[in-house]
Every structure is written in C-alpha cells, then in structure tokens.
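Shown next, in structure tokens, is the structure this report addresses.
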Amino acid sequence: MKAFFLALLASLVWGLAPSFFKLVIKEGIPPSVILIFHNLSAFITAVLITAILGESLWVNPKYLMFAFIGGFLSGFLGLYLFFLALRHGDVSIVSPVASISPLWSAMFAYVFLGESLSWQKVAGIVLIIAGVSLLSLSFQK
C-alpha cells in the first residue's frame, strides 16, 4: 500500500510539473537551457536530502553506471524530447501521450528483468494504449 501511495504522489507531482515547463517554453527558452536548471535543481535538492538523511554516496561502480544510463535516458533525453513536444503541442495532449511509459516499462521489465506479465497487466497496457489513442484524435482537429 505504501508503494501505491508514493507512486500516486509521484504522479501528482509529475502531473503538475509540465504546466511549469510549458510556461518556460512559451517564453522561447530552449529545452537544453531548461534541462540545465531542471537538473541543477534536482542535483542540489538530492545533495541536501542525502546530507540531511546521512546517506552514503558510495555506490558500486556497476550500479553507478546503471544509474548514469537511467539518468541520461530519463533526466536528459526523455525530458529533452518531452520539452520539444511541449514546444509544439498542448500540455493536455503531450503529457498523457508521454505518460504511456508504463507500457514500455512493462515490456522492458519483462524482457530484461524477467518480470511476469499477468492478464491484468496486459489489460492495463491495452487500456493505456486505448486512452492514448483517444487523446491522439485531438491532434486531428
């Protein structure tokens, strides 16, 4: 239950952030510049939280590389593409379409991590695709 509640809070925060990004993008600030400030704020906040909680910065180099790759994919490349999409579209369309990441996560977790795909997970993925398909009809107007 705790994981569900935390994930729900994360979705709330992630649902709020694109409106702020769109405000900045509308002013003509390039996505790469937005990413600098986005990642700088995340870095400073993470350093402060790590210090407050007294957590160690030591990480096994193998897993540090995995974290680096994940950070590059989500913290840079994914956000850069998302910002470009926001530059050309409405938050109400771009954000839900970009939110089909659970589809890709489930597929990659199945292939690379050996996680199971129950009928409930497959049904959820189908519903995600159906929802995004309905939203994409807004692009045709």
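The values are calculated or read from the model by the stated rules, or taken from the named source; none is laboratory data. What you see is a predicted model, and the numbers here were worked out from it, not measured in a lab. All Cβ positions, even for glycine, are placed from backbone atoms using ideal geometry, and neighbour counts span all protein chains on display.
Some notes on this structure:
- Residues that are surrounded by 10 or more Cβ atoms within 10 Å (Cβ to Cβ), free of Cβ contacts under 8 Å to residues at least 24 places away in the same chain and aromatic (Phe, Trp, Tyr), drawn from the range 100-141: Trp104, Phe108, Tyr110
- Within the range 6-19, one or more residues are over 13 Å from the mean Cα position of the chain (by Cα), within 28 Å of Val126 (Cβ to Cβ), outside the structural domain of Ile129 (by TED's automatic domain parsing) and modelled with pLDDT of 85 or more.
- Every test in (1) surrounded by 10 or more Cβ atoms within 10 Å (Cβ to Cβ); (2) farther than 24 Å from Ala109 by Cβ; (3) of a type outside the set (S, T, N, Q) is passed by Leu53 save one, and that test is (1).
- Selection count where residues are among the aromatic types (Phe, Trp, Tyr) and over 17 Å from the mean Cα position of the chain (by Cα), scope the range 73-119: 3
- Residue tally, condition free of Cβ contacts under 8 Å to residues at least 60 places away in the same chain and either exposed (fewer than 15 other Cβ atoms within 10 Å of the Cβ) or among the basic types (Lys, Arg) (or both), over the range 81-99: 5
- Residues in the range 95-132 that are modelled with pLDDT of 85 or more, of a type in the set (Ser, Thr, Tyr) and assigned to a loop (DSSP other than H, G, I, E, B): Ser116, Ser118.
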